[in-house]
1. Please list the non-local residues whose amide H lies under 5 Å from the amide H of LEU258, H modeled 1.01 Å from N, same-chain partners needing a gap of 5 or more.
2. Order these peptides, 69-77, 191-199, by their mean beta-carbon neighbour count within 10 angstrom, highest first.
3. With a 10 Å radius around each residue's Cβ, average the other Cβ atoms per peptide and rank 236-246, 95-105, highest first.
4. What is the distance, in nm, between label points placed 7 Å from the Cα along the Cα-to-Cβ direction at ALA249 and at GLN263?
5. Averaged across orientations, what area in nm² does the convex hull of the alpha carbons in region 113-161 project?
6. Calculate what fraction, in whole %, of the accessible area of region 225-290 sits on carbon and sulfur atoms when a 1.4 Å probe is rolled over the protein chains.
7. Taking Cα atoms of region 100-214, Rg/Rh with Kirkwood Rh, to two decimals?
8. Could you quote the convex hull projected area for region 80-137, Cα atoms only and averaged over all directions, in nm²?
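The values are calculated or read from the model by the stated rules, or taken from the named source; none is laboratory data. This one's a predicted model, so the numbers in the text were calculated from it and none came from an experiment. For neighbour counting, all protein chains shown are included, and Cβ atoms are generated from backbone atoms with ideal geometry for every residue, glycine included. Heads up: the accessible areas ignore ligands, DNA and RNA and are worked out on the full protein's heavy atoms, side chains in. Shrake-Rupley method; radii C 1.70, N 1.55, O 1.52, S 1.80 Å.
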Amino acid sequence: MTFTDLHLLSAAARRFCRTALALFLTGAAAVAGAGGHEGHGRTMLSLGDSVVFGYITQDGLAYLNADNFLGYPDIVGTALRLDPNNGSCPGETTGSFLSLSGPDNGCRLFRTKFPLHEDYGSTQLNFALSYLAAHRNTKLVTVQLGANDGFLLLAACAGDPACIQARLPATLAAVYANMNTILSNLRATGFKGVLMVVNYYSVDYSDPAQTGLTIALNQTLAAVAAANRVVVADAFTAFQRVASTPFAAGQTCRAALLNGNPQDQMQCDVHPSLTGQRLLAKAIAAAYLTTKRWDD
């Protein structure tokens with residue numbers, strides 16, 4: 001299949017591929033006798049935004065059933081033989097994760113109209129704390145947040161570079177403070193498994209300005225992770241490596257790692273394609289297994 005063929009897939013076709021993959025993974029696990037998503041009580045919890053959710057832009061009636069959206073938690077769960085639980089919300093910021101009145105990029109609106117993968121009426125943090133209190137055999141918790149904080153900054157500045165540069169330090173400081181609160185609260189539950197921050201890929205590595213903002217966000221995430229002795233799964237490098245072919249030339253879209261833009265299928269939106277979700281899952285599984293080897 002050519003690059004053009006991949007990006008001419010309709011949203012419905014992408015949903016079919018995601019569902020087919022989920023069925024395949026479940027079947028493969030059953031054949032292997034590994035249990036797959038039957039983790040024998042061993043669970044994982046994934047928290048965050050639309051990337052974690054498996055969001056597809058403008059997918060119509062598909063939003064009525066969250067099972068139409070396959071994010072990396074399902075793939076990681078199968079690979080690691082952990083029962084996946086996905087508490088993510090499209091549009092979640094580090095602030096709205098902590099407070100129902102915090103700065104938000106669409107999560108609250110989405111929740112009034114459509115279901116999430118997990119059913120809760122509280123903040124995502126309170127959901128996570130309740131989940132961990134009830135599931136003491138949780139082995140992995142992943143957190144991917146911060147991109148929507150950046151999108152709010154871009155919107156507030158209407159894309160003006162001078163405005164973005166002037167306001168960026170305050171935005172990153174807020175991300176650090178909020179993530180520090182999130183990670184410390186998760187640790188305070190007594191969680192003994194692997195706590196992991198997942199950083200972000202650039203949607204176009206050939207664009208220095210856009211990639212620079214992603215690097216700045218990832219540096220903030222790395223700093224707060226280090227302060228809390230938390231593992232980082234490196235999505236940035238994983239996507240960069242795949243996009244560094246002569247054909248893709250650093251453009252994540254041309255590497256088929258992003259979903260097609262509904263208005264122009266030769267362009268992409270910011271969300272990972274099925275291939276992108278697999279790549280994220282691979283980075284997370286590798287970071288988890290490396291950490292477990294050190295622990296053992």
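1. Under 5 Å from the amide H of LEU258 lie the amide H atoms of SER273, each far enough along the sequence or on another chain.
2. Details: 69-77: 26.2, 191-199: 21.2.
Put in order of decreasing packing, that is 69-77, 191-199.
3. On the way: 236-246: 16.2, 95-105: 18.9.
Going from most to least packed, we get 95-105, 236-246.
4. 2.3
5. On the way: hull surface 21.3 nm².
Dividing the Cα hull surface by four gives the mean projection, 5.3 nm².
6. Details: 1620 of 2910 Å².
Carbon and sulfur atoms account for 56 percent of the accessible area of region 225-290.
7. Values: Rg = 16.4 Å, Rh = 16.3 Å.
Radius of gyration relative to Kirkwood radius: 1.01.
8. On the way: hull surface 17.7 nm².
The orientation-averaged projected area of the Cα hull of region 80-137 comes to 4.4 nm².
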